[in-house]
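I have placed the structure first, in the form of structure tokens, so that the comments after it can refer back to it.
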Amino acid sequence: MNAKISPAATNRIEFRDVSFHINDILKRLIVSQVSLEIPHGETLVLLGRSGSGKTTLLKLMNGMLLPTKGEILVQDRSTTSWDPIRLRRGIGYVIQDAGLFPHFTVAENVGLVPSLESWDAARIAARVDEMLHLVGLDPREFAHRHPRELSGGQRQRVGVARALAADPPILLMDEPFGALDPVTRAELQREFSALVHRLGKTIVFVTHDLREALLLASRIVLLEAGHVVARAAPQEFLHLDHPEVRAFTSSLSVTPGSSA
Amino acid sequence: MNPQTTWAFFMDHRDEILGATLDHLTLVIIAMIIAIFIGVPLGMFIVQRPALRAIALGAASIFQTIPSLALFGFLIPIPFIGGIGKRTAIVALVLYALLPILRNTYVGLTGIDPAVLEAAEAMGMTRAQILFRVRFPLALAVILAGIRTATIITIGVATIAAAIGAGGLGTFIFRGVALVSDSLILAGAIPSAVLALLADFLLGLLERRLKVS
Ligand SMILES: Nc1ncnc2c1ncn2[C@@H]1O[C@H](COP(=O)(O)OP(=O)(O)OP(=O)(O)O)[C@@H](O)[C@H]1O
Ligand SMILES: [Mg+2]
């Protein structure tokens with residue numbers, strides 16, 4: 001029960017025939033019979049429209065939701081048998097709308113998990129600096145601000161820094177670049193994909209932007225209404241013959257200057 | 001009522017008025033400390049225990065609904081806590097102050113942006129860590145607003161406590177009514193009004209400083 005997510009073990013995540021429904025009278029299925037293997041070191045991109053169940057899949061991986069049917073294995077152990085606190089300390093999570101703590105400074109937000117893990121203050125401070133540099137925020141300018149003193153995009157970057165701070169072997173990222181302008185976004189995407197190759201982490205990255213998926217993914221999984229409807233490497237994904245895939249690829253072909 | 005005679009009366013009796021004001025304040029402070037030490041932890045507790053929530057909030061609101069003079073009346077015959085004097089008064093004041101503190105603690109702790117609580121959970125914080133490091137600091141301004149309301153109520157109700165021999169500024173008011181002396185009534189009324197306004201102002205100031213937007 002007390003095992004930690006260990007960096008040495010293979011950071012595999014596996015969904016075995018997982019279904020999830022909200023516990024109300026309707027018993028509406030949010031996730032339906034998902035089987036999925038995310039091998040160690042992969043950057044899996046979950047692509048899907050709004051409401052297709054992407055966030056729900058992430059929450060199933062870190063035990064914030066437990067499956068109604070089937071099981072999710074993290075490092076070969078079911079999320080139901082993990083100590084939830086230990087499981088989550090080993091999984092960095094970038095929350096969709098940043099979810100920063102409004103009463104903490106940027107530095108305190110980023111240093112939260114290290115402080116929960118009882119690192120000493122000097123090590124936390126050094127790590128916070130390193131992480132802020134990584135996401136392109138100058139610590140001297142930003143470390144002591146509160147989230148309300150940041151722009152939406154800066155908040156998101158703090159969210160990314162916070163998720164990376166304790167160097168978790170697994171990263172779940174829920175539209176981490178959603179609130180950024182296209183230029184900064186492209187910059188961060190490039191840096192991030194370089195980083196990913198260096199870090200060797202297992203990453204699940206949520207987006208509804210196909211371009212972003214193609215750039216970052218080692219594999220793309222497409223969700224539609226709680227079902228996995230397609231999975232492929234980026235190069236192959238564009239050529240799949242599925243209506244939902246086509247719906248997404250056609251969104252790519254809108255080029256500037258083209259008239260309707 | 002003649003302002004000059006009232007002023008002269010105040011000057012002649014300033015030691016007694018000051019003494020009664022301090023008595024009054026002491027009564028209020030003791031009652032508030034006890035009410036905070038019961039109300040805040042109880043409020044934190046019922047966040048985790050939905051079953052107790054209705055009972056605790058219901059009981060506190062019953063106490064607050066009972067007219068104050070009647071509540072003093074009910075307490076007097078009760079052994080240990082009852083009788084004539086300060087102790088009964090303090091018990092009654094605590095019961096009065098409890099509802100705003102309890103309710104605001106509960107509301108403050110539960111009215112936090114769900115995304116923030118979700119983040120705390122996702123970072124692997126334990127329930128206790130979420131309560132003390134996220135919920136409580138974010139609820140502090142709301143809790144303080146409850147303490148402010150409770151303090152003002154207590155300053156007011158404490159004037160009535162004079163009726164059961166608890167002393168304080170109410171003594172002047174009751175005596176003034178009996179002797180038909182405006183000056184005597186005002187010797188109780190003015191300082192208690194000033195106390196209430198001052199408490200409102202100072203606690204309001206603190207509350208604004210603690211607010212996290
Ligand atoms: N707590 C809940 N209660 C009821 N329905 C829920 C709850 N959480 C999610 N849902 C529903 O489940 C479905 C999937 O939600 P989810 O948040 O996983 O979508 P998503 O793919 O992340 O969407 P988006 O891109 O808009 O973030 C949606 O239809 C949503 O309304
Ligand atoms: Mg989502």
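For this structure, a couple of remarks:
- Between A and B, accessible area buried - total, square angstrom, nearest 100, 1.4 angstrom probe: 1800
- Accessible solvent surface per residue of the protein assembly as shown, calculated while the other protein chains remain in place, 1.4 angstrom probe, Å²: 47
- For the protein assembly as shown, the ratio of Cα radius of gyration to the globular rule of thumb 2.2 N^0.38 Å stands at 1.34.
- For the residues A:54, B:211, A:59, a 1.4 Å probe over the protein chains yields an accessible-area ranking, largest first, of B:211, A:59, A:54.
- Heavy-atom accessible area with a 1.4 Å probe sorts B:172, B:136, largest first, into B:136, B:172.
- Residue A:187 accessible area, assembled protein chains, probe 1.4 Å, Å²: 90
- Residue-averaged beta-carbon neighbours from other chains (10 angstrom radius) around B:124-134: 4
- Computing Rg and the Kirkwood Rh from the Cα coordinates of region B:68-145 gives a ratio, Rg/Rh, of 1.26.
- Relative contact order, percent, region B:133-213 [alpha-carbon distance under 8 Å, six or more residues apart]: 37
- Ligands, DNA and RNA aside, residue B:61 has an accessible area near 40 Å² when probed at 1.4 Å.
- Largest accessible area first, the residues B:180, A:106 order themselves as B:180, A:106 under a 1.4 Å probe with ligands, DNA and RNA left out.
- Taking only alpha carbon atoms, region A:150-254 gives an Rg to Rh ratio of 0.98, where Rh is the Kirkwood radius.
- Ranked packing of B:192-203, B:36-47, B:152-163, most packed first, by mean Cβ within 10 Å: B:152-163, B:36-47, B:192-203
- Counting Cβ atoms of other protein chains within 10 Å of each residue's Cβ and taking the mean over peptide B:152-159 gives 0.
- Relative contact order %, chain A, counting alpha carbon pairs below 8 Å whose residues are six or more apart: 25
- Note on chain B: along the principal axes its Cα atoms extend 69, 40, 22 Å, ordered by decreasing extent.
- Over chain B, relative contact order from alpha-carbon pairs under 8 Å, at least 6 apart, %: 27
- For residues of A:94-101, the mean tally of beta carbons on other chains within 10 Å: 5
The values are calculated or read from the model by the stated rules, or taken from the named source; none is laboratory data. Model, not experiment: these values are computed from the prediction. Reconstructed Cβ throughout: ideal geometry from the backbone, glycine too, with neighbour counts over all protein chains shown. Quick note on the areas: whole protein, heavy atoms, side chains included, nothing else; ligands and nucleic acids left out. Shrake-Rupley method; radii C 1.70, N 1.55, O 1.52, S 1.80 Å.
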